[in-house]
Amino acid sequence: MVYDLNWQSKKMVHAKASAKKGNEDLNKEFGVLNHVFVNGSLFSRYVGIFHSDGLGYWKLELDSTLISWKNKKNQVPKAQCSESCLPGYRKVPGFTIQSCCHSCVTCAYGEMSNITDSENCMKCPDHEWPNENKTRCISKQVEFLSYTDDKISFVFITFSLLCFGKTLLVLVIFILHQDTPVVKANNKSLSFVLLVSIMLGFLCVFLFLGRPVDVTCLLRQVSFGILFTIAVSSVLAKTIMVCIAFKATKPNSVWRKWIGVKLPTCVVLACSNVQVIICVSWLSISPPFQELDTHSYQEKIIVQCNEGSVIGFYSVLGYMGILAAVSFIIAFFARTLPDSYNEAKYITFSMLVFCSVWIAMIPAYLSTKGKYTVAVEIFAILISNNGLLYCIFLTKCFIILCRPELNTKGYLHSNGNI
C-alpha cells in the first residue's frame, strides 16, 4: 500500500528529518513504525518504508502482510462494535453510548426484510407469506380437499364408489324379486325411491371434493339436503304404512282405504316439497359462494364455500332432523307390532343411527376449519347413508338370497318373527 503525503505533511516531515538526521537516515527512521494506532489496535514492527520520489513528494509504502493485529485471526479490526444485520433481521438500538452499536433480532411472525441492516421489517400482503428465512414474500399455500393430493380424498372416493355399488346391487335384487312377499310387504315403490336417493347421496360426496367454485357451492348443500329429505321422507312413509297396515287388519277398520300407493307418495312429495321451498328461499335470499379465507391460518389460504345465509343452512339440516325424529318416534312406538319382517324395528335402528350421526356432526363441524370441515360433512353423509342401507335392507336381502323359504305368503301372514 502506498500513501501520498500532501505538501504540508512533506514540509513537516522534511523539517523533522533534517533536524535529527540527514536525508540518508530518513528511510531508516520511518521504516520502523512504533506504537502506531490504527482503528484502535496497536502494532509495533517493521511494516514498510517512507521515502521521496525525487520530485519533492514523500510516500509511505506499507506491506500489510507484515502487520500483526492483536486478535485471534490476525484480521483488520472493524470500525464498529456490532455485526451487520442480515436480511431476515432488523436492527434494535443497543444500550451503549456509541450509535453504531445495535442488536439484530429476527423479523416477527408474518414479516420480512430483504436488505442488510434494515431498521424495520415489512408485513407481507394477505395472499403472501414470508419464506423460511424471512427474506422475501412467497405465495401462500392454498388448501382445499383435493381429488389427487389428499389421501383422505382417496379414501372417501373409494368408500363412496363401493357404497354406491352395494346400493345398486340391492336395487337390482329388489327389482328382480319385486313380486316376492318380502319386497311387496315393504312397499316396493318406497323401497325403490329410498334406494335411488341413497345411491345419489353417495354420489353427492363428489360435489364436496375438489376446489370449490360458485356452482359446486350452490349444488352441494342443496342436492344433499333434498336427497336426504327424500330418503327420510320415504322412511317416514314406510313407518306410517306399517302402523296403518296393522290397524287395517281389524274388522270394519276405516284405515283400509288408506292402504295403497297414494298415501306414501303424498307423504314423500309433501315432505320433500317443504325442503325444496326452504332451499329455493335460501338460494334466493343469500346463496352459497366461493370464499378465500386468509385469516384463519396466517401461512395458508383456505378455499371454501361460504354458506351465505347461516339460517338457511341450518334450516335445511333442522328440517331434515325433524323428519328423522318423527320417523324414529313413530317407529319406536310401532316396534312391538306383530310384523313378520320387523320393518318398524329396522326403521327404529336406522333412524337412531341417522340422528346420532348428525347430532355428533354439528359440534365437529363447528369446531373444524378448512378441508377438515368438509371431511366431517362427507363422513356424516357416508355413515348415515350406510345406516339406512344396512338397517333397512340387509336382512331383507339375506332372506331373498339365503332364506327363500321365509320369503313366502305363509310366513308373511304368520305371527313368527325373525
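Taken together, the values in this text are just the output of simple stated rules run on the coordinates, not laboratory data. The structure displayed is predicted, hence computed values, not measured ones. For neighbour counting, all protein chains shown are included, and Cβ atoms are generated from backbone atoms with ideal geometry for every residue, glycine included.
Some points to look at:
- For peptides 315-326, 388-399, sequence by mean Cβ density within 10 Å, most packed first: 388-399, 315-326
- The value for the range 132-189 of Rg(Cα) / (2.2 N^0.38 Å) is 2.27.
- Largest-first principal axis extents of the Cα set of the range 99-255 (Å): 107, 32, 25
- Peptides 196-208, 350-362, 277-289, ordered by how many other C-beta atoms sit within 10 Å of their residues on average, highest first, read 196-208, 350-362, 277-289.
- ³J(HN,Hα), Karplus 6.51/-1.76/1.60, whole Hz, each residue of the range 154-161, x for Gly, Pro: 4, 5, 5, 5, 4, 5, 5, 5
- Using only side-chain charges placed at the Cβ, +1 for Lys and Arg and -1 for Asp and Glu, the dipole size of the range 262-379 relative to its Cα centre rounds to 240 debye.
- Separation of the alpha carbons by more than 30 angstrom is noted, of 238/371; 238/369; 151/300, for 238/371; 238/369.
- Pairs with C-alpha atoms separated by more than 22 Å, drawn from the list 188/409; 184/345; 166/262, are 166/262.
- Long-range amide H partners of residue 49 with built H, under 5 Å: 61
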